[in-house]
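Notes follow the structure.
None of the figures in this text is laboratory data; all of them are computed from the coordinates on show. These numbers were taken from a predicted model, which means no experiment stands behind them. Virtual Cβ from ideal backbone geometry, glycine too; neighbours counted across all protein chains shown.
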Amino acid sequence: MTARGAGASPGSAAGPDPEPYAGIVVAGGQARRLGGVDKPMLDVGGRTLLARSLDALSGADPVVVVGPRRPDVHGVRWTREEPPGGGPVAALAAGLALVDRPRVVVLAGDLRGVTPDVVGRLLDALDRQAREHPAAGPDPDGAVLVDAAGRRQWLLGAWRTAALRAAIPAAPAGHALRRVLNGLTIADVPARGDEAADVDTAGDLP
């Protein structure tokens, strides 16, 4: 199985996004509520959860997967957080070490509703202010999908790489992702349908 999908680079409704961006998929964790299974490799609708996130990042280069290397997943760069199991902030720090693009899309490895269109809307929101209102001030530091209950999905967003890197503490393991990122300027992007859906328990599997 080749997890990377083929397709046009996502962008705004006006056409493909011309500025390259990187992708990071956070695919570690121990899935305790699912009995310790390798959650990103769960099959949902004929595709693994990891493959769904990688398909959504079909326009990204490079794509970095933070977590244990999985067989038959190609076209990505692998790395691990330090220490392994150190949490999403440590995973972000490890992924960002391999990113040299000005923008980066960060996704969890357990998303069952993410699509290339979601990534395109996040990138569009990240750049929209400067494009449509150049006198209104700088663009946001990030754009994050917001679920139907109004909750920001911190591992489903597009970011200015420099702003994201500056927000990561020097010793990232164990820090709460929401507290680390909540101080940045963020554009909220409403989810459509089940775009924000992830898998935490067996009840989340369709």
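Expressed in units of 2.2 N^0.38 Å, where N is the residue count, the Cα radius of gyration of the stretch 19-200 is 0.97. Considering only MET41, TRP78, VAL64, the residue lying farthest towards the positive end of the dipole of the stretch 33-106 is MET41, judged by Cα position with unit charges set on Cβ.
With +1 on the Cβ of every Lys and Arg and -1 on the Cβ of every Asp and Glu, and nothing else charged, how large is the dipole of the stretch 19-200 about its Cα centre, in debye rounded to the nearest 20? Rounded to the nearest 20 debye, it is 380 debye. In this simple spin-label approximation, ASP117 and ASP188 carry label points 7 Å from Cα along the Cα→Cβ vector, and these lie 2.2 nm apart. Under 5 Å between amide hydrogens, built in the peptide plane, is the criterion, and for ASP198 it picks out ARG112 among residues at least 5 positions away or on other chains.
Computed from the Cβ-Cβ distance with R0 of 30 Å, the FRET efficiency linking ALA171 to ALA149 stands at 0.40.
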